[in-house]
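Chemist: Supplied in structure tokens, the structure appears directly below.
Values quoted throughout were computed directly from the atomic coordinates according to the rules given, and no laboratory measurement underlies them. Computed from a predicted structure; not experimentally measured. When we count neighbours, we look across all protein chains shown, and the Cβ atoms used for this are built from the backbone with ideal geometry, even at glycine.
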Amino acid sequence: MKLPHRLIFTNVLVLVILAGLPLFNAQAQYFDLKGKSRSASIPFRLIRNLVVIKLKINDRGPFSFILDTGVGTMVITDPKMVDSINIQNKHTIKLAGLGDGDEFEAYITPPLKIDIPGLQSYDVAGTILKTEHFNLSGYVGIPIHGLLGYEFFNNLAVKLNFADSTITVYRPGDKRMYRKGTRIPITIENRKPYLQALVLFPNGTIQQNKLVIDLGAGHPVSLENMIKKHGLPQKFVKANLGVGLAGPIYGFLSRIDEIAIGKFKIKDVITSFPNDYDSTTLKYMTTKRDGNLGTGLLKRFIVTFNYQQQLLYLATNTSLSEPFEYDMSGIEYYGSGEDFKHIIVSRIEPGSPADEIGLEPGDEITAINFRPVAEMSLEQIDNLFRSKNGRNLLIEVFHDGKYDRVILTLKRRI
């Protein structure tokens with residue numbers, strides 16, 4: 001099983017789902033503050049660069065949803081929720097252009113009662129996949145039930161403070177929330193936000209790029225169709241960048257010299273360069289763009305979305321100047337089992353430190369430096385594997401029915 005290393009698939013998934021649906025009334029599905037409240041505060045967890053919130057549906061739950069500006073409609077990815085949230089009058093659609101069978105079908109729900117602290121939902125419906133195609137829970141390491149996007153942002157101003165893991169929701173005209181932010185113009189196209197950014201490539205070329213602002217992407221930046229125009233920098237690694245409807249999306253990871261967003265210039269940014277998308281993906285990408293801006297970069301700011309006024313506000317936090325680091329082990333892995341505490345290797349990067357010591361897909365990592373991985377989150381394991389060039393880690397692995405211990409020496413590869 002290959003898990004998404006960077007979640008860049010959600011735009012593709014929802015585009016295809018929407019192609020099989022009657023058009024939604026964009027103003028009919030939204031959230032608002034309860035009563036006369038001026039704001040609401042919602043805690044979140046940042047897990048592997050994904051924003052996870054708790055909510056209830058039809059008085060059941062709580063459920064864990066990824067907040068994702070790259071999603072044009074609410075998607076429930078756990079098929080078992082069809083029964084658990086007691087949905088009446090659902091109907092089935094086939095996801096357009098993808099083949100036959102349950103794997104490519106989904107349920108469309110009537111409006112759901114969605115409870116998020118301090119907010120009231122209005123006519124928000126969802127799409128429930130009949131088959132869990134992406135194993136989000138295994139990637140994140142906790143049960144994930146779906147993705148919440150456009151409807152959460154379209155009627156309110158939403159501020160994400162990554163330093164204290166708090167979302168604050170205001171009415172769009174409340175000027176208090178914008179005082180310390182730098183205003184960045186955005187556009188809302190096909191229910192997703194876009195901005196313009198200047199990119200300085202290692203070959204000295206400067207190019208303006210249209211990027212979708214995508215909280216559902218864990219990487220800092222992804223640039224599409226750029227390899228032919230600019231080539232790859234001197235240092236790069238081949239990588240599994242995500243998973244689309246036709247399977248894994250492969251490409252390269254490298255660095256750009258700089259990306260400028262408004263007055264902010266962020267240097268030496270790790271960037272994904274996907275190979276050309278498959279024909280299914282391209283068919284449903286109706287908005288022309290050059291790539292996306294993910295949470296790996298956005299988390300260095302206090303970020304405020306104001307869809308109604310088509311503005312984004314950025315304020316710096318203490319992490320803006322920290323260097324970008326990438327995995328130095330060459331191991332891709334996911335959580336398995338009922339509690340997602342079994343760490344299974346899904347892919348080994350050829351030529352990486354993990355490849356050199358003989359780790360293989362299917363191996364189970366049971367401990368790192370004598371600490372059981374069952375006591376660690378996937379984020380903690382990620383941090384260890386990108387912690388320091390040249391660092392030695394003692395890895396305990398279950399392989400071919402026995403336990404082995406090996407020394408893994410981390411190596412910065414880009």
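Chemist: Between 149, 138, 262, where does the largest GNM mean-square fluctuation fall for the chain, given springs only between Cα atoms within less than 10 Å?
Modeler: 262
Chemist: Please identify every one of the GluC sites (Glu not before Pro) in region 316-414 that sits in a loop by DSSP and has no more than 10 other beta carbons within 10 Å of its own beta carbon.
Modeler: Taking region 316-414 and a limit of 10 other Cβ atoms within 10 Å, the loop GluC sites (Glu not before Pro) found are 338.
Chemist: Tell me, what are the semi-axes, in whole angstrom and largest first, of the equivalent ellipsoid of the chain as set by the roots of 5 times the Cα gyration tensor eigenvalues?
Modeler: Equivalent-ellipsoid dimensions as semi-axes: 33, 26, 21 Å.
Chemist: Would you work out the charge dipole size for region 331-409 about its Cα centre, treating the Cβ of every Lys and Arg as +1 and the Cβ of every Asp and Glu as -1, and quote it to the nearest 20 debye?
Modeler: My answer is approximately 360 debye.
Chemist: Counting only DSSP beta bridges with both residues in the chain, tell me the antiparallel percent, nearest 5.
Modeler: Among the beta bridges of the chain, antiparallel pairing accounts for roughly 90 percent.
Chemist: Local charge sum around residue 237 (other residues, Cβ-Cβ under 10 Å, Lys/Arg +1, Asp/Glu -1)?
Modeler: Charge balance near residue 237 sits at +1.
Chemist: Please list 3J(HN,Hα) in residue order for region 406-414, calculated via the Karplus relation 6.51 cos²θ - 1.76 cosθ + 1.60 where θ = phi - 60°; whole Hz, with x for glycine and proline.
Modeler: 9, 9, 9, 9, 5, 9, 6, 9, 9
Chemist: Pairs of alpha-carbon atoms within less than 8 angstrom and 6+ residues apart define the contacts here; what relative contact order does region 331-409 have, in percent?
Modeler: Dividing the mean separation by the residue count of region 331-409 yields 25 percent.
Chemist: Separate question: Compute the distance from the alpha-carbon center of region 299-330 to that of region 206-267, in whole Å.
Modeler: One Cα centre to the other: 15 Å.
Chemist: Ok, one more. Mind checking which of 399, 335, 302 is farthest towards the positive end of region 283-406's charge dipole, using Cβ charges of +1 (Lys, Arg) and -1 (Asp, Glu) about the Cα centre?
Modeler: Positive-most Cα among the choices belongs to 302.
Chemist: Within a 10 angstrom radius of the beta carbon, how do 327, 68 rank from fewest other beta carbons to most?
Modeler: With the sparsest Cβ surroundings first, the list reads 327, 68.
Chemist: Hey, what do the phi angles of region 213-223 turn into as Karplus ³J(HN,Hα) couplings, whole Hz, using 6.51/-1.76/1.60 and θ = phi - 60°, x for Gly and Pro?
Modeler: Couplings: 8, 10, 5, x, 10, x, 6, x, 9, 10, 10 Hz.
Chemist: Considering only 290, 404, 257, give the residue with the highest GNM mean-square fluctuation for the chain, with springs between Cα atoms whenever their separation is below 10 Å.
Modeler: Maximum fluctuation in the GNM of the chain, among the listed residues, is at 404.
Chemist: Can you sort 36, 54 from fewest to most other Cβ atoms within 10 Å of each residue's own Cβ?
Modeler: 36, 54
Chemist: I would also like to ask the following. What number comes out for the charge environment of residue 371, summing +1 per Lys or Arg and -1 per Asp or Glu over other residues with Cβ under 14 Å away?
Modeler: Residues near residue 371 contribute 0 overall.
Chemist: About its Cα centre, what dipole magnitude does the chain give when the only charges are +1 on Lys and Arg Cβ and -1 on Asp and Glu Cβ, stated in debye to the nearest 20?
Modeler: 1880 debye
Chemist: Below 8 Å between Cα atoms, with a sequence gap of 6+, how large is the relative contact order for the chain in percent? Don't skip to the answer; put the middle values down first.
Modeler: On the way: 1015 pairs, mean separation 71.3, N = 414.
With pairs under 8 Å counted, the relative contact order is 17 percent.
Chemist: Build a GNM of the chain with springs between Cα atoms under 10 Å: which of 317, 240, 161 gets the top mean-square fluctuation?
Modeler: The residue with the greatest mean-square fluctuation here is 317.
Chemist: A further question on this structure: By the gyration tensor of its Cα atoms, with a ≥ b ≥ c the square roots of the eigenvalues, what is the shape of region 356-395: rounded for a/c under 1.5, prolate for a/b over b/c, or oblate?
Modeler: Since a/c reaches 1.5 but b/c is at least a/b, the shape of region 356-395 is classed as oblate.
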